[in-house]
Amino acid sequence: MQTVLAFIIIFGSLVFFHELGHFLLAKRAGIMVREFAIGMGPKIFGMTKGETLYTIRLLPLGGYVRMAGEDMDSVELQPGYRVGIILNDDDVAERIYLNQSVTHPNIVFLEVERADLEKDLFIEGYDEEDRLVRYKISRNAILVENGTEVMIAPLDRQFNSKTVGQRAMAIFAGPLFNFILAFLVLTLLGVLRGVPTYEPVIHDVVDNGPAEMAGMQAGDLVREINGVEIDRWQELQGTVYDNPGKELSFVVERDGKLLDLTMTPTTLEDSGDQYGQIGVSYQSPVEFNPLKAIVFGATQTYDYTVLIFELLGKLVTGQFTIDALSGPVGIYKATEEVATYGIFNLMNWAALLSINLGIMNLLPLPALDGGRLLFFGIEALRGKPIDRQKEGMVHFVGIVLLMILMVVVTWNDIQRFFF
């Protein structure tokens, strides 16, 4: 049960922040957001606030922000439609009813002749006395069809009416917020757990190893190796690793005094490669400093980003196979294992997943945010948008291929973890 809760909280947070990015930048650009959804599939909870419906859906496989003017969002009144409209005191239509009976003191029934719900905002038609009448439509008018209410979206509130830059920022904001979430989580880790100093301080010395034989002790601070100043543990580790069987001269600080020690790293072998080892262990000292925690959050976010790009490069060059990929099942099992090591490790795992989600969404593949950004880039270069039907077909094919990939990856996860 703890694993289930941890998975729901982590995955839900990643999706929420991703969609929050889309939502905030869309609203900033003046785009009407019809729905902010966490999850996919059937709705299990919904709440309307302002012009947006906020929903939680059954399948925890993602989420979406539905913006006015995107595919399948058109609202039209065709000639011949029989509608009822409710007028305000200025004879401006505030509600329009289709396909249902309505009783209201200010309702007017029309047979539509012409209507424009996007640009000029009017409706024209024949009333019950067969007179041709015309009414203005409010920018916030509600269209009600079979009991379902939809707010009309004037052209300037639609996604595709905005500049390329505004649309690109609304799409880019999703992955961007995943990086921001990772930075915040890692910064909080630095505040709560402390920031590692990475000082080259010896934590423990292995019996009969080169370090012990040379007189090195726990608590020694390594200052130099072969005359080269050592500031971080990684520098000490790298120097020893790269010099198997070669004598090294150490300068260490002990109780305020500098001591000279000489030792030769033991030669070990891994997959045909030789490396050195002197038999010491490390436990990084930590300091609690809010400013350094911010630097730590930024540095770790950058390091994880580089690491994921390196792994992607190996996947593209064939050093990894598709079997190395994991889907929701694999992420769940990894979360289960990480959860056993405590809340701090779980937070670190969440930050890594958030960065991974941000990078994956920025890949220039159809149906992903990166694919949409690619089309915006092409539009900016050619000075006019690509045909929406052609673009929609490309994204549809991309969705199908992604679903196939998801099925394959999930099946591999099931085989790996349960059989």
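The values are calculated or read from the model by the stated rules, or taken from the named source; none is laboratory data. Keep in mind that this is a model prediction, so the values were computed, not measured. Note: ideal-geometry Cβ built from the backbone for every residue, glycine included; neighbour counts use all protein chains shown. When the accessible area is computed, the model is the full protein with side chains, heavy atoms only, and any ligands, DNA or RNA have been set aside. Shrake-Rupley method; radii C 1.70, N 1.55, O 1.52, S 1.80 Å.
Once the Cβ-Cβ distance of His104 and Asp156 is raised to the sixth power relative to R0 = 30 Å, the FRET efficiency obtained is 0.55. Using a Gaussian network model of the chain in which every pair of alpha carbons under 10 angstrom is joined by a spring, one finds that among Gly194, Gly342, Gly297 the greatest mean-square fluctuation is at Gly342. Normalising by residue count, the range 296-406 has a Cα convex hull of 135 Å³ per residue. Pairwise Cα separations in the chain fall into 20 Å bins from 0 onward with the following percentages, short to long: 19, 40, 26, 10, 5, 0. Of the DSSP H helices in the chain, those with a Cα length along their own long axis of 30 Å or more and a mean Kyte-Doolittle hydropathy reaching -0.5 comprise 2-28, 164-193, 290-316, 388-418. Diffusion coefficient (Stokes-Einstein, Kirkwood radius over C-alpha pairs, 10 °C, 1.306 mPa s) for the range 229-297: 111 µm²/s, rounded to a whole number. Taking every alpha-carbon pair in the range 168-260 and binning the separations at 5 Å intervals from zero gives 3, 11, 16, 18, 11, 7, 8, 8, 7, 5, 3, 2, 0 percent. For the range 263-314, the mean projected area of the C-alpha convex hull, equal to one quarter of the hull surface, is 6.3 nm². Would the range 241-375 count as rounded, prolate or oblate if I go by the C-alpha gyration tensor, calling it rounded below 1.5 in a/c and otherwise prolate when a/b exceeds b/c, oblate otherwise? In terms of gyration-tensor shape, prolate.
Do the alpha carbons of any pairs in Lys162/Lys390; Lys43/Lys162; Lys43/Lys119; Lys27/Lys119 sit beyond 23 Å of each other, and which pairs? Can you show the working numbers first?
Working: Lys162/Lys390 20 Å; Lys43/Lys162 30 Å; Lys43/Lys119 32 Å; Lys27/Lys119 20 Å.
Result: Lys43/Lys162; Lys43/Lys119 exceed 23 Å.
For the range 318-396, the share of accessible area belonging to carbon and sulfur comes to 65 percent (1.4 Å probe, ligands and nucleic acids excluded). From the P(r) of the range 1-95, could you give the percentage of C-alpha pairs in the tail past 18 Å? Within the range 1-95, distances greater than 18 Å cover 60 percent of Cα pairs. Working note: 222 nm ellipticity from helices only, DSSP H runs with n ≥ 4, each -39,500 (n - 2.57), summed and divided by the residues of the chain, gives -14500 deg cm²/dmol to the nearest 500.
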